[in-house]
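Student: One structure, pasted below without further comment.
The values are calculated or read from the model by the stated rules, or taken from the named source; none is laboratory data. Model, not experiment: these values are computed from the prediction. Glycine gets a Cβ as well: all are built from the backbone with ideal geometry, and neighbour counts include every protein chain shown. Only protein heavy atoms, including side chains, enter the accessible area calculation; ligands, DNA and RNA are left aside. Shrake-Rupley method; radii C 1.70, N 1.55, O 1.52, S 1.80 Å.
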Amino acid sequence: MSKILSILQIVNETVNDFTLKPKRNYTEPKIYTGGIEITKWSKYSKAEQQEALDKNWFVYFSFRNPKTGFLEKQPFIKGGVNRYKTKEERMEILETYRRNLLRILKEGYNPYDEKGTQNEIKSVKEAFAFALDIKKNMMTENSYIRFKSRIKRFEWKKRSN
């Protein structure tokens, strides 16, 4: 057997020997910006920019349904971003959502997983404590103190009734 023939046989064996990568369970999250290409924002007229800002902006992605095996579009993630009136504010928030969503998807988050979605039944007092804990990180100190005061007044009224 000639040397070239043996080399071709080895190449043929290795070329045809490949393994398929498993299908991804999700698509990379993307940002919908009112139907326009955000990289060309400055080239649009003020009317076109305003038209885009009047539409809903959101993060979207698809996830593989374990029952069907198909990628299915998941609910849009708006997170109150459409209350902001400028492109910069919206993009800053949506980019943060997109980046964090991608991170948790890579870490194995599954929207079809029943274990992580069960809501605990809480008492009113526990629910207020939970909300206060969340709000503490989201508000300035003065705002938090006023918010906490309103909650305490509500709890006091509830007890007196």
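Student: Glu107 is checked against (1) touching a Lys or Arg at 6+ places or on another chain (Cβ under 9 Å); (2) open to solvent by 100 Å² or more (accessible area, probe 1.4 Å); (3) not hydrophobic (A, V, I, L, M, F, W, C) and fails just one. What number does that condition carry?
Tutor: (1)
Student: I'd like to check something: does the stretch 72-92 contain any residue that is within 14 Å of the chain's Cα centre (by Cα), in contact (Cβ under 8 Å) with a residue 60 or more places away in the chain and either open to solvent by less than 90 Å² (accessible area, probe 1.4 Å) or under 17 Å from Pro29 (Cα atoms) (or both)?
Tutor: There is at least one residue in the stretch 72-92 that is within 14 Å of the chain's Cα centre (by Cα), in contact (Cβ under 8 Å) with a residue 60 or more places away in the chain and either open to solvent by less than 90 Å² (accessible area, probe 1.4 Å) or under 17 Å from Pro29 (Cα atoms) (or both).
A quick yes/no check of all residues on (1) of a type in the set (Gly, Ala, Ser); (2) in contact with a Gly (Cβ under 9 Å, 6 or more places away or on another chain); (3) open to solvent by less than 40 Å² (accessible area, probe 1.4 Å); (4) without any contact (Cβ under 8 Å) to a residue 60 or more places away in the chain:
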| site | (1), (2), (3), (4) |
| --- | --- |
| Glu28 | no, no, no, no |
| Tyr32 | no, no, no, yes |
| Gly35 | yes, no, no, yes |
| Thr39 | no, no, no, yes |
| Ser42 | yes, no, no, yes |
| Ser45 | yes, no, no, yes |
| Asp54 | no, yes, no, yes |
| Phe58 | no, yes, yes, yes |
| Arg64 | no, no, no, yes |
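Student: Tell me yes or no: at least one residue of the stretch 78-85 is of a type in the set (A, V, I, L, M, F, W, C) and modelled with pLDDT under 90.
Tutor: No.
Student: Can you work out which of the residues in the stretch 53-89 that are part of a helix (DSSP H, G or I) and in contact with a Lys or Arg (Cβ under 8 Å, 6 or more places away or on another chain) is nearest to Tyr109 (Cα to Cα)?
Tutor: Within the stretch 53-89, the match that is nearest to Tyr109 (Cα to Cα) is Val81.
Student: Restricting attention to the stretch 77-87, does a residue exist that is more than 23 Å from Asn100 (Cα to Cα) and of a type in the set (Ser, Thr, Tyr)?
Tutor: no
Student: Given the criterion farther than 24 Å from Thr33 by Cβ and either free of Cβ contacts under 8 Å to residues at least 40 places away in the same chain or part of a loop (DSSP other than H, G, I, E, B) (or both), identify the matching residue among Asn110, Asn100.
Tutor: Only one candidate passes the filter, namely Asn110.
Student: Inspect the stretch 108-124 for any residue being hydrophobic (A, V, I, L, M, F, W, C), at pLDDT below 80 and more than 14 Å from Tyr26 (Cβ to Cβ) and give the result as yes or no.
Tutor: There is at least one residue in the stretch 108-124 that is hydrophobic (A, V, I, L, M, F, W, C), at pLDDT below 80 and more than 14 Å from Tyr26 (Cβ to Cβ).
Student: Of everything in the stretch 10-26 that's of a type in the set (A, V, I, L, M, F, W, C) and open to solvent by less than 100 Å² (accessible area, probe 1.4 Å), which residue is modelled with the highest pLDDT?
Tutor: Val11
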